[in-house]
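The structure under discussion appears below in the form of structure tokens.
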Amino acid sequence: MDEQRQEDWLDRQLREAVSYIDDEGFTAQVLKRLPARRPGRRPLRAVILLGVTVLASAIAYFISGGGRFVILNVERLAMLPVLWLFAIALGSGLLVTTLGLFAAISKTSDLQS
Amino acid sequence: MELTDADLVARVLVDDDQHAFGELVRRHQSSVRGLLRQLARSDFALADDLAQETFLRAYKNVRSFRGEARFSTWLYRIAYNCFREHARRRKELVGIDEEQLQSEHDPQVADPGLRYDLMHALSLLPLPERTAILLCCQNGLSHDEAARVLEIPLGTVKTNVLRGREKLKKMLTAWGPD
């Protein structure tokens with residue numbers, strides 16, 4: 001029992017002996033000594049993303065027989081009643097706006113934190 | 001919403017985001033500097049130099065952090081390696097510079113009393129026991145995490161903690177619970 005009490009006491013003292021050390025410019029000094037940022041990574045990423053998008057579009061165009069499905073669906077849309085067209089346009093607009101809002105809110109909270 | 005260490009590490013990896021790394025430094029500087037101050041027996045200047053070296057190495061080698069352990073555990077490992085390399089260079093792994101300890105001790109533990117005696121007793125422990133005690137009992141690492149930091153077998157960590165505690169208890173008998 002005494003042994004356990006002594007152990008607990010020692011553990012408590014060891015934990016309490018740790019005090020927070022104020023930054024006092026330490027982080028700034030570390031950041032100053034960091035090597036320069038690796039250049040050219042963002043442009044490379046953009047080029048890769050753009051390239052992959054163009055490639056995927058080209059593949060989709062050829063596989064779909066020169067994009068005939070687009071023409072067919074536009075024709076189908078054109079034959080819909082005006083009210084239906086309005087509902088589809090409104091629904092699509094709302095969906096895109098909601099997704100955009102979510103993205104903006106999540107980005108803002110990331111930046112604020 | 002506060003970003004986790006893993007989120008910040010991801011930003012450093014993907015975007016080379018130095019602000020994200022700065023946040024990681026801010027979060028962990030106190031514990032890393034605290035550990036090094038005690039390993040360096042209260043030589044604050046040396047401890048802070050080693051802490052800077054620790055964070056610079058962490059930045060350069062962030063790709064090798066696989067997220068299997070906590071980021072702080074990974075940092076402790078780098079800090080301990082920095083200290084060990086320095087000690088090897090200066091051959092300070094043995095012996096106690098009592099004068100230096102007297103002149104450069106932490107003002108917060110300078111008051112005569114339990115805290116000072118505890119720090120003094122810690123500094124008298126051999127390095128393996130001192131390090132094991134600091135990591136497990138002060139910084140809250142599990143024995144397993146400490147074994148990974150120190151790159152020694154789990155059993156050795158447990159033995160070092162046990163021996164260190166026994167010695168501390170003996171040295172602090174006068175302060176013990178009534």
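Read the figures in this text as sums done on the coordinates, not as results from a lab. Bear in mind that the values here come from a model prediction, so they are computed numbers and not experimental data. Positions of Cβ are generated from backbone atoms using ideal geometry, with glycine treated the same way; all protein chains shown enter the neighbour counts.
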TODO: Let me know the Rg and Dmax you get for the protein assembly as shown when you use only its Cα atoms, in Å.
DONE: 28.7, 95
Task: All lysines inside 25 Å of B:K158 as judged from Cα atoms, apart from same-chain residues fewer than 8 positions distant - done: B:K167, B:K169, B:K170
Open item on the list: If the elastic network links every pair of Cα atoms under 10 Å, which of B:A51, B:A69, B:A40 fluctuates the most in the Gaussian network model of chain B?
Closed with: B:A69
Open item on the list: Compute the distance from the alpha-carbon center of region A:1-65 to that of region B:131-178, in whole Å.
Closed with: 30 Å
- [ ] Please check which bits of region B:141-168 a label hung off B:A87 would reach, taking the label as a point 7 Å along Cα-to-C-beta and the cut-off as backbone N under 12 Å.
- [x] B:150
Open item on the list: Taking the beta-carbon count within 10 Å as an exposure proxy, list B:I133, A:I88 from fewest neighbours to most.
Closed with: A:I88, B:I133
Open item on the list: With a 10 Å cut-off between alpha carbons and a GNM built on chain A, which of A:R12, A:R45, A:R33 moves the most?
Closed with: A:R12
Open item on the list: I need B:F44, B:F83, A:F62 ordered by Cβ neighbour count within 10 Å, fewest first.
Closed with: A:F62, B:F44, B:F83
Task: For chain B: rounded, prolate or oblate by the Cα gyration tensor [a/c cutoff 1.5] - done: prolate
Task: Ranking of B:Y80, A:Y20, B:Y116, B:Y59 by count of other Cβ atoms within 10 Å, fewest first - done: A:Y20, B:Y116, B:Y59, B:Y80
